[in-house]
Amino acid sequence: MQRVLVFCVLLTLLCTDSVRLEARSRESLNSGWRFARFGAMPDGTTRAEPEGLENGTLDDSDWRPLYLPHDWAIEGPFRDDLPNRTGKLPYEGIGWYRKTFTVPMSDRGKRIFIDIDGAMSRAQVYINGQYAGQWPYGYASFRIELTEHIRFGEENTIAVRLDNPGESSRWYPGGGIYRNVWLVKTAPVHVAHWGVCITTPEVREDLGNVRAQVELEGATAATTVRHEIRPSGSGDVVTRGEGEDCTLLVPSPRLWDIESPHLYTLRTTVLEEGNVVDVVENDFGIRTIEFTADRGFLLNGRAVKMNGVCMHHDLGPLGAAFNTRAAERQIELLKEMGCNAIRTAHNPPAPEYVDLCSRMGMLVQVESFDCWKAGKTENDYSSLFPEWHKRDIEAMIRRDRNQPSVVMWSTGNEVREQNKPEGHAVSQMLSDLVRSIDPTRPTTVGCNNQNSGKNGFQKTVDVFGYNYKPHLYESFQKNNPEQPLYGSETASTVSSRGEYFFPVSDEKHMGQGGYFQVSSYDLTAPPWANNPDIEFEAQDRCPYVIGEFVWTGFDYIGEPTPYNKDSTNLLNFADPEERQRMEKELERLGSKIPPRSSYFGILDLCGFKKDRFYIYKARWRPDLPMAHILPHWNWPERIGKVTPVHVYTSGDEAELFLNGRSLGRKKKGDLEYRLRWDDVVYQPGELKVVAYKDAARWAEDTMKTTGAPAKIDLRADRSLIDSDGRDLSFITVQISDAQGLLVPRSNNEVQFELEGPGEILAVGSGDPTSHESFQASKRKAFNGLCLVIVRSRAGESGEIRLSATSDGLGKARLQIESKE
Ligand code: GAL
């Protein structure tokens, strides 16, 4: 007995030693999973879910091995019988993930957790056959403690059951453990989950006053806390402090700003009787934000107009499966347009997404829900709201509250409660809840009910957001002169990249569709929405408006308005003739309505720019010389016919030439945002525009009639990638004529082959109607373009060689280097 005790003490000492050195560990738990599906299966059949799938002893050797993040629905197939609004993809069903891992004896005494950044949805977690916890909301990040059931020194089995009911979303939710998963081990005394709260109560040029509040678990009278701050990434400690509630002074702080997103790192060390038992680091920024009713949004005291977009969570051909590089590319493209703000419609994003925004200088409005108690679809969040809203809001805020990019918390979008007194009470309760967790940022809701700006609902939030109500900005301001206002959703213009239909009409409502595409003259929008110009005009008339969040930055899977319903009589066409035409088209196709992804994006599902990109760029980057002509100039069937030409430019005037002949010089009028030559008669050749600003030559663009498809051109966004098994190269595949010009309207199918240490992760084209699989090695181009996404292989460096072939177009080759 005595000896055993001595041995235990020794062991404890040894363990404590290692705990001291490696107080906390956080390792990726993404690899080595096995997966099986039950319930609704991808092929439309049903598979019974047996009992006991959580058991540690279950033989799962015939389950599919895979890595996380994983989206089971993006694997397809697209099915005609599935709803358009969720992308015609089989997200519905039950999925089980199982993994074994060993926890060494030396971890005895530690607390063990699994951190899941996002699992769609209704996650239940089991460890060694025992239920450990659950988290139903598919967009929440959460932690489940495993300690009690862990077998130290042995193999452990973790099992996660997910259940995606049908009719749970208005857009494509994806399915599966679609974000990262971590195994976290701590000493008994440790910083609680997301337990460090950093605020900057006073920011001066000479001094940043940083407050660090720490929540501890297992603390004793002998527990102490130390902090130090250094510039993120490198650099010396600039200040130190002590205590669970500590003020640290940073001399001459470098402020976080969208132009210079400077970050600091706070290192928090927990000691027990002087021994280090936990260390955590949190990045933060020193900056001030203020929302005003007259001067708009102030960042570090400077008025910054929010040039924002709404973004859903999917990453196009990758589906919901999170990938940091794919998200970074989205943000890069948005920044190129001059976008400086993102609203994460209508749910909390992946943690890395917010992190990227903080690093890249992008403002973020993090949104919680698309509904409260009153639902929008049969199985949406409304049934979870009563029991879970508090925990979900807490999780959302605690996870991201140190991120300087986050400037607003949205408690909901177009909630049904806007016009009901009891709904106002819910909104008030949610705002109070948010403020109790984070008093430093305002609350907001995206409101589509016009009464919500005057019936008292507006008073339940700090900053008021109207969805699609540019005509109400003025009256809102008159009625609420003290309340900051912005367009939480604007435009909702729809277009298909490279599609143009004639005659061109200013009737915004959905006319001029063709073969389930939408014309790209950027004049088309559903009845509740607008073209970009109308929103710009309202924003310019009402300069106090904080800015806008365009619906949407990128096309997303699902909600293919105007083709968003599987019943012809529900197509959103105002024009009866148009509807008749579409009905005939459906009959001809013998199909249901094929579209499966949205037309709202400024960029398409692959991140290819639509024309609209340039009307926003012209406005949001007024100092960058730019001119953009639309449409393309390949109209053999339109010779002699009127074919309007529109130009987006950051200049104020432009002259258009067709085959060297001037078609006139035009100046933007007051509150005009595009230049139009509406009576151009088509002749093949070259269109050229010369733009002027303040009468000086400013920018040019040309659009040429091309020859027939002659070759394939490949262009990688990055030709050097990291061999970490996660990094990506996005390769644009262009169908070119002999001169290398993109051939509009070309839809050649391209086959891909890849050699070397990489794989084709996905392909796409930006065609919202295509039912081709995203997980393939061939793709039909859509209006001259398609995309290949190549991923490196973990730990394997070398040349990745991609070749592309297509009938009559020969072979194109491209090399990417994968390097450690
Ligand atoms: C809004 C809604 C968005 C999206 C959009 C399309 O009403 O909040 O989620 O559906 O319409 O225009």
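The values are calculated or read from the model by the stated rules, or taken from the named source; none is laboratory data. Predicted, not measured: the structure shown is a model, and the values here were computed from it. In this analysis, Cβ positions are derived from the backbone assuming ideal geometry, glycine residues included, and neighbour counts consider all displayed protein chains. For accessibility, only protein heavy atoms count, side chains too; no ligands or nucleic acids. Shrake-Rupley method; radii C 1.70, N 1.55, O 1.52, S 1.80 Å.
Details
- Rounded to 10°, Cα long-axis angle of helix 532-541 versus longest principal axis of the chain: 80 degrees
- Separation between Cα centres of segment 273-313 and segment 43-64, rounded to whole Å: 45 Å
- With only Cα atoms counted, segment 606-677 has Rg and Dmax values of 13.3, 39 Å.
- Only lysines eight or more places from Lys459 in sequence, or on another chain, were considered; those with a Cα closer than 20 Å are Lys373, Lys420, Lys469, Lys478.
- Convex hull volume per residue, computed on the Cα atoms of the chain, equals 179 Å³.
- Nearest-ten-degree value, helix 2-21 long axis tilted from longest Cα axis of the chain: 30 degrees
- For segment 325-404 versus segment 768-803, the inter-centroid distance based on Cα atoms is 28 Å.
- Each principal axis of the Cα atoms in segment 700-770 has its own extent, and those three values, largest first, are 43, 31, 23 angstrom.
- Estimated from the Cβ-Cβ distance and a Förster radius of 25 angstrom, the FRET efficiency linking Asn300 and Asn451 is about 0.10.
- Compared with the direct C-alpha span, the chain from Glu205 to Lys819 gains 216.8 nm at full extension, assuming 0.36 nm per residue.
- Nearest-ten-degree value, helix 324-336 long axis tilted from longest Cα axis of the chain: 40 degrees
- Value of [θ]222 nm, deg cm²/dmol, for the chain, DSSP H segments ≥ 4, -39500 (n - 2.57) each, nearest 500: -4500 deg cm²/dmol
- Between amide H atoms placed 1.01 Å from N, distances below 5 Å from Ile602 occur with Thr552, Gly553, Phe554, Asp555, all of them 5 or more places distant or on a separate chain.
- Interchain or long-range residues, amide H under 5 Å from Tyr137's placed H: Arg122
- Ordered by solvent-accessible area of protein heavy atoms (1.4 Å probe), largest first, the residues Arg779, Arg359 come out as Arg359, Arg779.
- Residue-wise HN-Hα couplings along segment 242-255, as the Karplus relation 6.51 cos²θ - 1.76 cosθ + 1.60 with θ = phi - 60° gives them from phi, are 9, x, 6, 10, 10, 9, 10, 10, 9, x, 5, x, 8, 7 Hz; Gly and Pro carry x.
- The gain in end-to-end length when the Arg64 to Arg151 segment is fully stretched comes to 28.8 nm, 0.36 nm per residue minus the alpha carbon separation.
- 18 Å Cα-Cα threshold exceeded, pairs from Lys704/Lys780; Lys305/Lys454; Lys666/Lys688: Lys704/Lys780; Lys305/Lys454
- Reachable aspartates and glutamates from Lys185, criterion Cα separation under 12 angstrom, eight or more residues apart if same chain: Glu22, Glu27, Asp107, Asp115, Glu145, Asp278
- Lys/Arg +1, Asp/Glu -1 at C-beta; the chain dipole; positive extreme among Thr186, Pro404, Gln580: Gln580
- Computed from backbone phi, the HN-Hα couplings of segment 272-279 come to 10, 6, x, 9, 5, 10, 7, 9 Hz, rounded to whole numbers (Karplus: 6.51 cos²θ - 1.76 cosθ + 1.60, θ = phi - 60°; Gly and Pro given as x).
- Note, ³J(HN,Hα) from phi for segment 163-175, Karplus 6.51, -1.76, 1.60, rounded to Hz, x at Gly and Pro: 9, 10, x, x, 6, 9, 7, 8, 9, 6, x, x, x
- Going by accessible surface with a 1.4 Å probe and the largest first, Thr269, Thr57 read Thr57, Thr269.
- Efficiency of FRET from Cβ geometry, Leu624 and Phe78, R₀ 41 Å, rounded to 0.05: 0.55
- For Val545, no residue 5 or more places off, or on another chain, has a built amide H under 5 Å of its own.
- Relative contact order %, segment 619-680, counting alpha carbon pairs below 8 Å whose residues are six or more apart: 35 percent
- Hits among lysines - C-alpha to C-alpha of Lys778 under 21 Å, sequence gap 8 or more where chains match: Lys88, Lys711, Lys811
- Among beta bridges identified by DSSP and lying wholly in segment 674-820, the antiparallel ones come to about 95 percent.
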